[in-house]
1. Go over the candidates Gly102, Gly180, Gly192 one by one and state the one that is in a helix (DSSP H, G or I), over 27 Å from the mean Cα position of the chain (by Cα) and surrounded by fewer than 14 Cβ atoms within 10 Å (Cβ to Cβ).
2. Looking for whichever is small (Gly, Ala, Ser) and either assigned by TED's automatic domain parsing to the domain that holds Ala183 or out of contact with any strand residue (DSSP E or B) (no Cβ under 7 Å at 6 or more places or on another chain) (or both) here; the options are Gly106, Gly101. Which one fits?
3. With the condition kept exactly as written, say whether any residue in region 115-128 is surrounded by fewer than 21 Cβ atoms within 10 Å (Cβ to Cβ), without any contact (Cβ under 8 Å) to a residue 40 or more places away in the chain and of a type outside the set (D, E, K, R).
4. Confirm whether Val134 is assigned to a strand (DSSP E or B) and crowded, with 21+ Cβ neighbours inside 10 Å.
5. From Leu153, Leu169, which residue is without any contact (Cβ under 8 Å) to a residue 40 or more places away in the chain, over 16 Å from Leu203 (Cα atoms), out of contact with any Leu (no Cβ under 9 Å at 6 or more places or on another chain) and not in a helix (DSSP H, G or I)?
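The values are calculated or read from the model by the stated rules, or taken from the named source; none is laboratory data. Just so we're clear, the structure is a prediction, and the values are computed from it rather than from any experiment. So basically every Cβ, Gly included, is an ideal-geometry build from the backbone, and we count neighbours across all protein chains shown.
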Amino acid sequence: MTEYYIPTGPGEAELVEKRSRFIGQVWRVTSEEEARARIEEVRKRHYDARHHCWCYRLREGGAERYSDDGEPQGTAGQPMLNVFQREAVTDVVCVVTRYFGGILLGAGGLVRAYSRSAKDALDAAGVSVVRRWVAMEVPCTYAQFEEVRREVLQFGGVVENVDYGADVLLSVLIPEERSGQFAAQLLDASAGTIQVLEAGEALKDVPWREPKDRT
C-alpha cells in the first residue's frame, strides 16, 4: 500500500523570542531544485535578516538536507528536520528566517525556537495524505445519511460531495484496501437497501489535518 504525508499548501508562522523574530515558511516540493529555489526566494525577500535556516525532505531518492546558516551547529536545521521526520511529512521544504533581536538565546533556546517555528509553519500549511483511494457513490435516504457518513469516517474515508434531492447521494473516497469491506458493511447494516457503486480508483492527496490559523 502506498501512503505518505505532504503539506496541504504553503504555510507561514511567526514567533518572537527575546526580541528575535522567527518567520517559518513551508512549501510542498518534489525535487531538490524546487526546494533550493524556495530557499533562495526567501533569502532575496528577507535579504536583511541574519539567518535563513532550512531543511527539506523528499520522497524520491529519500533526500534529506538541512543548514544552520551561521547558527551554532545543531541548533537550527537538524531540529527543524526532526519536526518533519516525527510528523512523517515528506516532499517538503521549510525555511526559518531569523531577525536577531540583540539577546542571545543559547543552544537550548535556539533549538526550541527553530523547532517551534517549523512546527507552527507546518500547522499553518495543514497535512494531506497521499494514497490509493476507491471513489464510490453511495445513495441513501435522509434517515440513513448520518449513519452512512459515520461509516465513511470509521473506514478512514472522505466525503467529497453530497447531492440532496428526493434522496441523498454521497460521493466518497475509501482507502483501496477497505473498499470491499465498506460496501459490505453498508449493505448489511441497511438490510440490503444501500448498494454502493464504484466510480474508479486513483492515487491522490486529500486533507488529513486541517491548517491552523496562527494569526
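1. Values: Gly102 fails: in a helix (DSSP H, G or I); Gly192 fails: in a helix (DSSP H, G or I).
Of the residues listed, the single one that is in a helix (DSSP H, G or I), over 27 Å from the mean Cα position of the chain (by Cα) and surrounded by fewer than 14 Cβ atoms within 10 Å (Cβ to Cβ) is Gly180.
2. Details: Gly101 fails: either assigned by TED's automatic domain parsing to the domain that holds Ala183 or out of contact with any strand residue (DSSP E or B) (no Cβ under 7 Å at 6 or more places or on another chain) (or both).
The conditions single out Gly106.
3. Looking through region 115-128, none of the residues is surrounded by fewer than 21 Cβ atoms within 10 Å (Cβ to Cβ), without any contact (Cβ under 8 Å) to a residue 40 or more places away in the chain and of a type outside the set (D, E, K, R).
4. Details: assigned to a strand (DSSP E or B): yes; crowded, with 21+ Cβ neighbours inside 10 Å: yes.
Considered against the rule, which asks whether it is assigned to a strand (DSSP E or B) and crowded, with 21+ Cβ neighbours inside 10 Å, Val134 comes out as yes.
5. Working: Leu153 fails: not in a helix (DSSP H, G or I).
Among Leu153, Leu169, only Leu169 is without any contact (Cβ under 8 Å) to a residue 40 or more places away in the chain, over 16 Å from Leu203 (Cα atoms), out of contact with any Leu (no Cβ under 9 Å at 6 or more places or on another chain) and not in a helix (DSSP H, G or I).
Results for (1) surrounded by 22 or more Cβ atoms within 10 Å (Cβ to Cβ); (2) under 18 Å from the mean Cα position of the chain (by Cα); (3) touching a residue at least 24 places away in the same chain (Cβ under 8 Å), shown as yes or no for each residue.
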residue: Thr2; (1), (2), (3): no, yes, yes
residue: Arg28; (1), (2), (3): no, yes, yes
residue: Glu32; (1), (2), (3): no, no, yes
residue: Glu41; (1), (2), (3): no, no, no
residue: Tyr66; (1), (2), (3): no, no, no
residue: Val83; (1), (2), (3): yes, yes, yes
residue: Arg86; (1), (2), (3): no, yes, no
residue: Val92; (1), (2), (3): yes, yes, yes
